[in-house]
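Structure first, commentary second.
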Amino acid sequence: MPEIIKFKDVNECMDVAAKFICKHAVASCEKHGLFTFMLAGGNTPRPLYRLLAKRPYASDMPWERTHVFWGDERYVPIDSDESNYKMTNDEMLSIVKLGARQIHRVPVEEPTVEKAAEKYEQEMREFFEAIEADDEERKGDPFPRFDLVILGMGADGHMASLFPESPALKEEERWMAPVKKPGAEPMVPRVTLTIPLINNARCVMFLVTGEEKHDLVSKIADGIEGKPPAAQVSPVGSLVWFISS
Ligand code: 6PG
């Protein structure tokens, strides 16, 4: 069953979310030596990333053993204000000074969005193959097991760049997929994670702020008909919703 944690105050929500991430990151490093962290884009996680780059969280986080990936990216140059990579880099990565080897961004410089998705998946496959090579438990699984995936949610129930009508929602084999027509601003093609990739994670954390999205969260928790993308998230590990006004 998903855990839903509600906050009246957005700052408190971000604080508890940051603590949760640090705890999870430390536990992952104790268990298997590193922390694989998939990040969300959009505006909601901005203050969370800012917090993680500051004390006490910056020193609680095992940054030197953390590898970051993005659950979705807009197909725009990395210095564009619409880039999820740029937002994360400005708020967090450039401040905690993560090494280039630990930052696995979507290769938006590829000539097409399809190629960008393909290449990103390839890079991810090589990374996980290397880190899971000696792990008997992980042998034969066609999907990677991220330690933590953060997701935001749109008012239409989309998450990452999986919109209600996206063909990518049906993907059963790929880890990352191209999205030519997004269902929300900015209207640029995207690269997105797929449902089986999310659902293979050790932990998925939704971060949702804004009263207008609360009803939908309750409906998803009660089992909404028609299953918007966010309702299809049901990981093998834990699922926790951080909700705030
Ligand atoms: C993106 C996202 C997207 C986002 C939601 C919520 O790149 O746009 O990853 O799924 O998380 O649209 O967006 P806000 O946080 O801006 O409300």
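For the range 42-122, what class follows from the C-alpha gyration tensor (a ≥ b ≥ c being the square roots of its eigenvalues): rounded when a/c is under 1.5, otherwise prolate if a/b is larger than b/c, else oblate?
Because a/c hits 1.5 or more and a/b exceeds b/c, the range 42-122 counts as prolate.
For the range 97-219, report the accessible area per residue in Å² (1.4 Å probe, heavy atoms, rounded to an integer).
48
Given R₀ = 30 Å, what would the calculated FRET efficiency be for Ala100 paired with Val240, taking r from the Cβ atoms and rounding to 0.05?
Once the sixth-power term is evaluated, E becomes 0.45.
Need one number: nm distance between label points at Asp135 and Glu212, each 7 Å from Cα along Cα→Cβ, rounded to one decimal.
It works out to 3.9 nm between the two label points.
From the phi of every residue in the range 111-127, what ³J(HN,Hα) in whole Hz does the Karplus formula 6.51 cos²θ - 1.76 cosθ + 1.60 yield, where θ is phi - 60° and glycine or proline is x?
3J(HN,Hα) across the range 111-127, in whole Hz: x, 9, 5, 4, 5, 4, 5, 4, 5, 5, 4, 4, 4, 5, 4, 5, 4.
What percent of all Cα-Cα pairs in the chain falls in each 5 Å bin, counting up from 0?
1, 6, 14, 20, 21, 19, 13, 6, 1, 0
List every residue whose amide H lies under 5 Å from the amide H of Gly210, counting only residues 5 or more places away in sequence or on a different chain, with H placed 1.01 Å from N in the peptide plane.
HN-HN under 5 Å from Gly210: Ser244, Ser245.
In nanometres, what is the gap between the two model label sites at Asp81 and Asp15, each 7 Å from Cα along Cα-to-Cβ?
The answer from the label model is 3.1 nm.
Report the gain in length on full extension from Ala58 to Glu165: 0.36 nm times residue separation, minus Cα-Cα distance, nm rounded to one decimal.
Answer, rounded to one decimal: 34.7 nm.
Percent of accessible area on the chain owned by carbon and sulfur, 1.4 Å probe?
50
Decide, for the range 133-239, between rounded, prolate and oblate: order the square roots of the alpha carbon gyration tensor eigenvalues as a ≥ b ≥ c, take rounded if a/c falls under 1.5, and otherwise choose prolate if a/b is larger than b/c, else oblate.
It comes out oblate by the Cα gyration axes.
Given the pairs Lys86/Lys115; Lys8/Lys86; Lys119/Lys181; Lys54/Lys219; Lys181/Lys227; Lys119/Lys170, which are separated by over 24 angstrom at their Cα positions?
Lys8/Lys86; Lys54/Lys219
Would you compute, from DSSP H runs of 4+ residues alone, the mean residue ellipticity of the chain at 222 nm, taking -39500 (n - 2.57) per run and dividing by the full residue count, rounded to the nearest 500?
-8500 deg cm²/dmol
The values are calculated or read from the model by the stated rules, or taken from the named source; none is laboratory data. Quantities reported herein were computed from a predicted structural model and do not represent experimental measurements. Neighbour counts run over all protein chains shown; Cβ positions are idealised from the backbone, glycine included. Ligands, DNA and RNA are excluded from the accessible area calculation, which covers all protein heavy atoms including side chains. Shrake-Rupley method; radii C 1.70, N 1.55, O 1.52, S 1.80 Å.
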